[in-house]
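Structure first, commentary second.
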Amino acid sequence: MHERLASGQWQDHDLIFCDPVGQPLRASNLRPLFYRLLEDAGLPRKRFHDLRHAYASLQIEAEEELAIISKALGHSNLSTTADIYAHLTPVTQRRMAETMDRILTG
């Protein structure tokens, strides 16, 4: 970090992921690497933004509270998270079916 600051080019924006001089990553620079990583892992090509949808769905699957998921995604209201980002996964659907089975069979 000291070398970065001493270079005179580093601009600290308190980012977790940044370019070599501290600026936010540009999607155009990240996209080719992301696609290559997906291909190397044998996964289908997806948009980088789809990771947000996957994050929300997996958090719901893990039974995290919607309000916490929404805050983590930076949404100002729960409806954005619930209506756009939260997708039912097979695990969640199975858990819902098991719950309904318990309700109906007592």
Q. Which of the residues spanning region 80-95 are of a type in the set (D, E, K, R) and farther than 13 Å from Leu66 by Cβ?
A. Arg94, Arg95
(Q) On the basis of being surrounded by 10 or more Cβ atoms within 10 Å (Cβ to Cβ) and part of a helix (DSSP H, G or I), does Leu15 make the cut? (A) no
Q | Hits in region 31-42 - residues which are among the hydrophobic types (A, V, I, L, M, F, W, C) and either assigned to a helix (DSSP H, G or I) or surrounded by 10 or more Cβ atoms within 10 Å (Cβ to Cβ) (or both) | A | Leu33, Phe34, Leu37, Leu38
Q) For Ile103, which of the numbered conditions (1) at negative phi; (2) at pLDDT below 90; (3) surrounded by fewer than 10 Cβ atoms within 10 Å (Cβ to Cβ) fails to hold? A) (2)
Q | Enumeration of residues in region 71-83 that are closer than 30 Å to Pro44 by Cβ and without any contact (Cβ under 8 Å) to a residue 12 or more places away in the chain | A | Lys71, Gly74, His75, Ser79, Thr80, Asp83
Q) How many of the residues in region 61-83 are surrounded by 13 or more Cβ atoms within 10 Å (Cβ to Cβ) and out of contact with any Leu (no Cβ under 7 Å at 6 or more places or on another chain)? A) 8
Q) loosely packed, with under 10 Cβ neighbours inside 10 Å and either part of a helix (DSSP H, G or I) or of a type outside the set (Gly, Ala, Ser) (or both), is that true of Ser28? A) yes
Q. Restricting to region 43-60, what's the tally of residues that are loosely packed, with under 10 Cβ neighbours inside 10 Å and in contact (Cβ under 8 Å) with a residue 12 or more places away in the chain?
A. 0
(Q) Residue under question is Ala67, and the condition is that it be on the phi < 0 side of the Ramachandran plot, outside the structural domain of Cys18 (by TED's automatic domain parsing), in contact with a Phe, Trp or Tyr (Cβ under 7 Å, 6 or more places away or on another chain) and small (Gly, Ala, Ser); does it hold? (A) no
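The values are calculated or read from the model by the stated rules, or taken from the named source; none is laboratory data. Bear in mind the structure is a predicted one, so any value in this text is a computation, not a measurement. Virtual Cβ from ideal backbone geometry, glycine too; neighbours counted across all protein chains shown.
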